[in-house]
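**Q** My questions all concern the structure below.
The values are calculated or read from the model by the stated rules, or taken from the named source; none is laboratory data. On a predicted model such as this, the values are computed, not experimentally measured, just so you know. For neighbour counting, all protein chains shown are included, and Cβ atoms are generated from backbone atoms with ideal geometry for every residue, glycine included.
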Amino acid sequence: MTTIADNLQQVHARIAQSCARAGREPASVALLAVSKTFGTEAVLEAARAGQRAFGENYIQEAIEKMAALRQMGAPTLQWHCIGPVQSNKTRLVAEHFDWMHTVDRLKIAERLSAQRPPHLAPLQVCIQVNVDGGLNKSGVVPEEALALAGAVAALPQLCLRGVMSIPEPAPDHAAQLALHQRARAVFEQIRASGLPGLEHFDTLSLGMTADLDAAIQAGSTMVRVGTGIFGGRTRPAASETPP
């Protein structure tokens, strides 16, 4: 039986191959293991294989998982919120997560900043951009991303790290690449803007199991892989109704 450790090795090999084709160093692409709906044993197996960064969509489920893993003696892990968050859940994100990838409104960013405990390091945040106008996707439209970035970067207790996008599934590599290049263009526009507060603006969070290769070709610095590591999902999140 293929183990999670084997799957991680295969994903890292795929990243390295994609980087080679794109003329990039494999170390320039971080791997975020998307562990939503998978239990603590799966996360612990991945952690024992060397994975440290995990992405979760469902806030309450993630917090319960974090607490259980601490009791299990897991190594220190980095937790990324990669799902849309309603205003009534921002405090939980601010108090428990290290990263927030889906900021698409100033109101959410302001709440995260105000609710981040002062003893914690600033919450690392990405602005989510809706590059294809998908009706089922969150995100600010590209034309408004620069203004939002300026406002977010000025908030205390937040550190603006980059841009994230989850376009609708595309039929082939060329279509995937075109969508990811739109997000890359937004990222480059913000990075070149000269806005204050962009000292750590270095993250382009693009690509999942199905479109990882196109995302790396487009310049992704962080790919979000769930199925390729943990296998197919067979159940919805237990703790929350999906947003």
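**Q** From the list A192, A178, A183, A214, which one is modelled with pLDDT of 95 or more and touching a His at 6+ places or on another chain (Cβ under 6 Å)? Even if it seems obvious, please write down each step before you answer.
**A** On the way: A192 fails: touching a His at 6+ places or on another chain (Cβ under 6 Å); A178 fails: touching a His at 6+ places or on another chain (Cβ under 6 Å); A183 fails: touching a His at 6+ places or on another chain (Cβ under 6 Å).
The unique qualifying residue is A214.
**Q** Answer with yes or no whether I82 is crowded, with 23+ Cβ neighbours inside 10 Å and either within 24 Å of A210 (Cβ to Cβ) or not hydroxyl-bearing (S, T, Y) (or both).
**A** Numbers: crowded, with 23+ Cβ neighbours inside 10 Å: yes; either within 24 Å of A210 (Cβ to Cβ) or not hydroxyl-bearing (S, T, Y) (or both): yes.
Spelling it out, I82 is indeed crowded, with 23+ Cβ neighbours inside 10 Å and either within 24 Å of A210 (Cβ to Cβ) or not hydroxyl-bearing (S, T, Y) (or both).
**Q** Sort through R91, R48, R116 and tell me the only one that's in contact with a strand residue (DSSP E or B) (Cβ under 6 Å, 6 or more places away or on another chain) and either acidic (D, E) or on the phi < 0 side of the Ramachandran plot (or both).
**A** Numbers: R91 fails: in contact with a strand residue (DSSP E or B) (Cβ under 6 Å, 6 or more places away or on another chain); R48 fails: in contact with a strand residue (DSSP E or B) (Cβ under 6 Å, 6 or more places away or on another chain).
Result of the check over R91, R48, R116: R116.
**Q** Could you run through the range 114-169 and say how many residues are among the basic types (K, R), over 13 Å from the mean Cα position of the chain (by Cα) and under 26 Å from V225 (Cβ atoms)? Show your work before the answer.
**A** Filtering the range 114-169 down to residues among the basic types (K, R) leaves 116, 137, 161.
Add one more test, that the residue is over 13 Å from the mean Cα position of the chain (by Cα), and what stays is 116, 137.
Those still in the list that are under 26 Å from V225 (Cβ atoms) too: 137.
Residues in the range 114-169 being among the basic types (K, R), over 13 Å from the mean Cα position of the chain (by Cα) and under 26 Å from V225 (Cβ atoms): 1 in total.
**Q** Looking only at residues that are crowded, with 19+ Cβ neighbours inside 10 Å and of a type in the set (A, V, I, L, M, F, W, C) in the range 54-65, which one is nearest to R105 (Cα to Cα)?
**A** I59
**Q** Ok, one more. Any residue in the range 208-227 that is closer than 19 Å to C126 by Cβ sitting within a Cβ distance under 8 Å of a residue that is among the acidic types (D, E)? List the pairs, counting only those 6 or more apart or interchain.
**A** Taking only residues 6 or more apart or on different chains, the pairs are T221/D202.
**Q** Pairs under 9 Å by beta carbon, first residue among the hydroxyl-bearing types (S, T, Y) in the range 99-113, partner part of a helix (DSSP H, G or I), six or more apart or different chains?
**A** From the range 99-113, the pairs are T102/I108; S113/A94; S113/V152.
**Q** Looking at C159, C126, which is the one that is farther than 14 Å from I82 by Cα, touching a His at 6+ places or on another chain (Cβ under 6 Å), touching a residue at least 40 places away in the same chain (Cβ under 8 Å) and not in a helix (DSSP H, G or I)?
**A** Working: C126 fails: farther than 14 Å from I82 by Cα.
Being farther than 14 Å from I82 by Cα, touching a His at 6+ places or on another chain (Cβ under 6 Å), touching a residue at least 40 places away in the same chain (Cβ under 8 Å) and not in a helix (DSSP H, G or I) holds for just one of C159, C126, which is C159.
**Q** Pick from E95, E110: which is loosely packed, with under 15 Cβ neighbours inside 10 Å and closer than 20 Å to R161 by Cβ?
**A** Values: E110 fails: loosely packed, with under 15 Cβ neighbours inside 10 Å.
That would be E95, the only listed residue that is loosely packed, with under 15 Cβ neighbours inside 10 Å and closer than 20 Å to R161 by Cβ.
**Q** Further, regarding this structure: Tell me the residue from G219, G133 that is in contact with a helix residue (DSSP H, G or I) (Cβ under 6 Å, 6 or more places away or on another chain), at positive phi, among the small types (G, A, S) and surrounded by fewer than 24 Cβ atoms within 10 Å (Cβ to Cβ), please.
**A** Numbers: G133 fails: in contact with a helix residue (DSSP H, G or I) (Cβ under 6 Å, 6 or more places away or on another chain).
From the options G219, G133, the qualifying one is G219.
**Q** If you go through the range 162-195 one residue at a time, how many are in contact with a Gly (Cβ under 8 Å, 6 or more places away or on another chain) and assigned to a loop (DSSP other than H, G, I, E, B)?
**A** 6
**Q** If you go through the range 129-154, how many residues are outside any helix (DSSP H, G or I) and of a type in the set (G, A, S)? Break it down stepwise before answering.
**A** Of all residues in the range 129-154, those outside any helix (DSSP H, G or I) come to 129-141, 154.
Next, only the ones that are of a type in the set (G, A, S) stay: 133-134, 138-139, 154.
Total satisfying the criteria: 5.
**Q** For the range 196-233, what are the residues that are among the polar types (S, T, N, Q) and either in a loop (DSSP other than H, G, I, E, B) or touching a strand residue (DSSP E or B) at 6+ places or on another chain (Cβ under 6 Å) (or both)?
**A** Looking only at the range 196-233, we keep the residues that are among the polar types (S, T, N, Q), and these are 203, 205, 209, 217, 220-221, 227.
Result: T203, S205, T209, S220, T221.
**Q** Right, here's the next one. Given the conditions (1) without any contact (Cβ under 8 Å) to a residue 12 or more places away in the chain; (2) surrounded by fewer than 16 Cβ atoms within 10 Å (Cβ to Cβ); (3) within 18 Å of V125 (Cα to Cα), report the number of the one that G194 does not fulfil.
**A** Looking at each condition in turn, G194 falls short on (3).
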